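**Student:** Got a structure for you, questions after.
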Amino acid sequence: MQRSKAEAAAPPPIPPPVIRAARQRIIFDISDLILYLRESRVPTGIQRVQLNIIHYAITDFREKANPIIVYFDPNRNDWIFIQDEAFLALYEATEAHATADEEAFQALMQGLAEGQTLPAYLAAEPRQDQFFLANLGSSWWIENYFQKVRELRKLHDLRYVPMVHDCIPLMVPEHCPKALVEDFRQWFLSAMLEADAVVTNSHWSAKDIRRNLALALPDAALPIHPIALNGNMRGHLALRDLAEREAVQRILPDGAPFVLCVGTLESRKNHILLFKAWARLMQRHDAAAVPYLICLGRAGWLFDEAAEFMRSHPELHERVLLLSSVTDGALATLYEQCLFTISNSFYEGWGLPITESLSFGALALVARNTSLTEAGGDAALYFEDNDPADLDAKLEMLIFDAAKRQSLRNEARLKAKIRDWRSVADEFLQRILDTEPSASKRQAQFLHLPLGRLIHLGKAPPGTPALEAALGAALRDGLHWHRPEDWGSWTKPGVARLCLPFPHELADQDALCCLRLRGPAFATPIKISFLADGECIFGPIEREIGRGKRLGLWFQLRLNVPHLCIDIDGGLGTSLGPNDRDVGIGVTHLMLCRAEDAEARRNFLNAFPEFGLASRLKGRAILERIEIPAA
């Protein structure tokens, strides 16, 4: 049919927009891996776990994982996006760290800081995509980590899935520095509220997580998935060559028999048990007949007792060698040439040196405790935990009965359950991608503001009830807060927000919201506003806090809302000093109570003597009551 002139002149129809199906995308946070590689290019087991899983996510399972790789840069106070090519270059550099160009590696590391931030990257991504933030290392050392997770949730469909390698600071705190125990405790409580699921490395670790979760959040529902780290480490250690064999020969006389113990030099690893066992061996046998003991690991915490034993037994220096680090090729040679390996830690989350040992076909002598029995399975030979007599008997048999040792080694090679890292990575990715939202339900169940109780907005003091410790961190909303300190938290210049779950029992009743603020080194004008359901209901009121002074504000209000937000505007801020932070105002405590609760008001005043009449008259503190009129 012939077209009319009007039809011929008409523009072609506009095709309908292409609507792409939503993707599932895993955001891998490798902050602790980058921190480690800035100090050392020789990865330990935990670093290899991350490197291997993410390597397969980028390569073999790219369509499944749609990976995004980031790390946290404290200088930019944000996650920084890492190109896949840059990660693969890091992976190759750690695999061949003995021969790779050091200058090129440092240039690669420095170049990472030039990437765009994660929020900027995600802003250009389709809004319908579903994101999973997975941290396979640790994050407890990152300032205000969970506030950043919450901000991402506000903008994107995000599920948070951390890997908890162990609960060692909570289970055996005597083997950890006190500061680590407290920092980990607070991180754990917040992580259990923020996570949608948790992956871990053993059934033992999963049991520990559940036990500590139940103590903090009784009857909390949180999916916890143990995934065995029984990947074949042999394939991911550099191939040894002549130079590597010579490196081992420089450690020991050529052909000298030795036993290998791999693990950080710290009290938890129980090296002193081995040192005492070697001392007894040298008493019962000629020193030349006793094999060398090579202890390979960096110096860690609380190693003083074991070191002192070594100093007081100089004969051990002939047979016990402490090495801080070797190349991957040298490590491979040590595993292949040792008589057997030994793992005798008091407590572990998995036991990667056992996995490495079995990967190389070496027989592993293992203490029967915690997750070490999962790592060793049926292939390891066990001695009773911290039992010198049983350890001595097993050592005597393995060292001096070559036929029995070889027989056990052959059995171990048949029984070892070692799988390729591709399989391990696939299981991790699937568990992460199967995660359904659960954090918001747990937060609604447990995050309630206790009436009449002071909530500390800094690092919770030891002994603080678990939920109150977690609540103090959860109330600080947004990214305008500095890290919590023992006394409280500094706000950043600008507006910082507190977001309070408003107790339903206070609905439509007269209530007091009490704030305690701290001034910085210079007099600081501030503005405070109250918001409910996103609308400002009061303020801003303006006050000034004198240099180093304390300000107590009691706001009387009557509301019926699920959440109450308080905006604290510290203006342009004040510097704490050269090379230090710019801050707005210090916020130390908060309390919500019924207006007629005289005991709660007294407790507030008793907790802070500066609000006494004499102190107020001298101008060291200000206490003010402000009524917020009903809407």
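**Student:** Under a 1.4 angstrom probe, counting protein chains only, how are Asp392, Asp387 ranked by accessible area, largest first?
**Tutor:** Asp387, Asp392
**Student:** Something else: Across segment 258-270, in residue order, what do the Karplus-derived ³J(HN,Hα) couplings come to in whole Hz, using 6.51 cos²θ - 1.76 cosθ + 1.60 with θ = phi - 60° and x for Gly and Pro?
**Tutor:** Using θ = phi - 60°, the values come out as 8, 10, 10, 10, 10, x, 3, 7, 8, 4, 4, 6, 6 Hz.
**Student:** If contacts are Cα pairs under 8 angstrom and at least 6 residues apart, what is the relative contact order of segment 438-519 in percent?
**Tutor:** 27 percent
**Student:** Tell me the mean residue ellipticity at 222 nm calculated for the chain from its helices only (DSSP H runs of n ≥ 4, each -39500 (n - 2.57), averaged over every residue, nearest 500).
**Tutor:** -11000 deg cm²/dmol
**Student:** For every other residue with a beta carbon closer than 13 angstrom to the beta carbon of Ala220, add +1 if it is Lys or Arg and -1 if Asp or Glu, then tell me the sum.
**Tutor:** +1
**Student:** Here is a further query. Using a 1.4 Å probe on the protein heavy atoms, what percent of the accessible area of the chain belongs to carbon and sulfur?
**Tutor:** 53 percent
**Student:** Then there's this: Leu323's amide H: which non-local residues (gap 5+, or another chain) put their own amide H closer than 5 Å, with H modeled 1.01 Å from N in plane and none for Pro or chain starts?
**Tutor:** Cys295, Leu296, Gly297
**Student:** Once you order the gyration tensor axes a ≥ b ≥ c over the Cα atoms, which shape class does segment 249-407 get: rounded for a/c under 1.5, otherwise prolate or oblate by comparing a/b with b/c?
**Tutor:** rounded
**Student:** Collect residues whose amide H, placed 1.01 Å from N in the peptide plane, falls under 5 Å from the amide H of Gln509; neighbours closer than 5 in sequence don't count.
**Tutor:** Leu559
**Student:** How big is the charge dipole of the chain about its Cα centre, in debye rounded to the nearest 20, if each Lys and Arg gets +1 on its Cβ and each Asp and Glu gets -1 on its Cβ?
**Tutor:** 1180 debye
**Student:** Specify whether the C-alpha gyration tensor of segment 73-164 places it in the rounded, prolate or oblate class, a ≥ b ≥ c being the square roots of the eigenvalues: rounded for a/c under 1.5, otherwise prolate if a/b is larger than b/c and oblate if not.
**Tutor:** In terms of gyration-tensor shape, prolate.
**Student:** Given the options Ile342, Gln128, Val259, identify the residue whose Cα lies farthest towards the positive end of the charge dipole of the chain (+1 on Cβ of Lys, Arg; -1 on Cβ of Asp, Glu).
**Tutor:** Checking the options against the dipole of the chain, the answer is Gln128.
**Student:** Once you mark the trypsin sites (Lys or Arg not before Pro) that are in a DSSP loop and have at most 16 other Cβ atoms within 10 Å, what is the longest gap between them in the chain?
**Tutor:** It works out to 128-297.
**Student:** Please give the per residue accessible area of the chain, computed with a probe of 1.4 Å over protein heavy atoms only, in Å².
**Tutor:** 44 Å²
**Student:** Can I ask one more? Please state the charge dipole magnitude for segment 377-452, taken about the Cα centre, from unit charges on C-beta atoms (+1 on K and R, -1 on D and E), reported in debye and rounded to the nearest 20.
**Tutor:** 400 debye
**Student:** Can you tell me which aspartates and glutamates have their Cα less than 17 Å from the Cα of Lys441? Leave out same-chain residues fewer than eight positions away.
**Tutor:** Partners within reach: Asp157, Glu194, Asp196, Asp219.
**Student:** HN-Hα J couplings of segment 562-568 from phi, Karplus 6.51/-1.76/1.60, θ = phi - 60°, integer Hz, Gly and Pro as x?
**Tutor:** x, 9, 10, 10, 10, 9, 10
**Student:** Net charge within 13 Å of Met310 by Cβ-Cβ distance, Lys/Arg positive one each and Asp/Glu negative one each, not counting Met310 itself?
**Tutor:** Spelling it out: positives minus negatives among the neighbours equals -2.
**Student:** Then there is this: Please list Thr264, Thr435 from largest to smallest accessible area, probe radius 1.4 Å, with all protein chains kept in place.
**Tutor:** Thr264, Thr435
**Student:** What does the C-alpha gyration tensor say about the overall shape of segment 503-573? Classify as rounded when a/c is under 1.5, otherwise prolate if a/b is larger than b/c, or oblate.
**Tutor:** prolate
**Student:** Something else now. What are the ³J(HN,Hα) couplings of segment 514-521, residue after residue, when phi is run through the Karplus curve with 6.51, -1.76, 1.60 and θ = phi - 60°? Round to Hz, x for glycine and proline.
**Tutor:** 9, 10, 10, 10, 10, x, x, 6
**Student:** Continuing with this model, one more query. I want the antiparallel fraction of DSSP beta bridges within the chain, as a percent rounded to 5.
**Tutor:** 55 percent
**Student:** What relative contact order, as a whole-number percentage, does segment 268-338 give when Cα pairs under 8 Å and 6 or more residues apart are counted?
**Tutor:** Contact order relative to length: 39 percent.
**Student:** Follow-up question, since we're still on this one. Strictly over 28 Å apart at the Cα level, which of Lys64/Lys154; Lys459/Lys549; Lys207/Lys269; Lys154/Lys549 would you flag in this model?
**Tutor:** Lys154/Lys549
**Student:** Charges at C-beta only: +1 for Lys and Arg, -1 for Asp and Glu. How large is the resulting dipole of segment 542-631 about its Cα centre, in Debye rounded to 20?
**Tutor:** 380 debye
**Student:** Considering the options Leu193, Trp421, Ile399, tell which one lies farthest towards the positive end of the dipole of the chain, charges being +1 on Lys and Arg and -1 on Asp and Glu at the Cβ, about the Cα centre.
**Tutor:** Result: Leu193.
**Student:** Here is a further query. At most 15 other Cβ atoms within 10 Å plus a DSSP loop assignment makes a site exposed; report the longest stretch of the chain without any exposed chymotrypsin sites (Phe, Trp or Tyr not before Pro).
**Tutor:** Longest site-free region, per DSSP loop and neighbour criteria: 302-486.
**Student:** Picking from Tyr91, Gln147, Gln110, whose Cα lies most toward the positive end of the charge dipole for segment 64-159 (charges on Cβ: Lys, Arg +1; Asp, Glu -1)?
**Tutor:** Gln147
**Student:** Would you list, by chain and number, the aspartates and glutamates whose Cα falls below 13 Å from the Cα of Lys417, excluding same-chain residues fewer than 8 positions away?
**Tutor:** Hits, sequence-local ones excluded: Glu356, Glu374, Asp378.
**Student:** Also, quick follow-up: If contacts are Cα pairs under 8 angstrom and at least 6 residues apart, what is the relative contact order of the chain in percent?
**Tutor:** Contact order relative to length: 11 percent.
**Student:** Once you mark the GluC sites (Glu not before Pro) that are in a DSSP loop and have at most 16 other Cβ atoms within 10 Å, what is the longest gap between them in the chain?
**Tutor:** Value returned for the longest uninterrupted segment is 144-484.
**Student:** For the residue pair Asp486 and Leu215, what label-to-label distance in nm results when each label sits 7 Å from Cα along the Cα-to-beta-carbon direction?
**Tutor:** For Asp486 paired with Leu215, the spin-label model returns 2.3 nm.
**Student:** Please list, ordered by chain and number, the residues whose modelled amide H lies under 5 Å from the amide H of Phe340; skip anything fewer than 5 residues away on the same chain.
**Tutor:** Long-range HN contacts for Phe340: Leu260.
The values are calculated or read from the model by the stated rules, or taken from the named source; none is laboratory data. Predicted model only: the values in this text are computed from it and were never measured. Heads up, the Cβs are rebuilt from the backbone with ideal geometry, glycines too, and the neighbour counts pull from every protein chain shown. Keep in mind that these areas ignore ligands, DNA and RNA; they rest on the heavy atoms of the full protein, side chains included. Shrake-Rupley method; radii C 1.70, N 1.55, O 1.52, S 1.80 Å.
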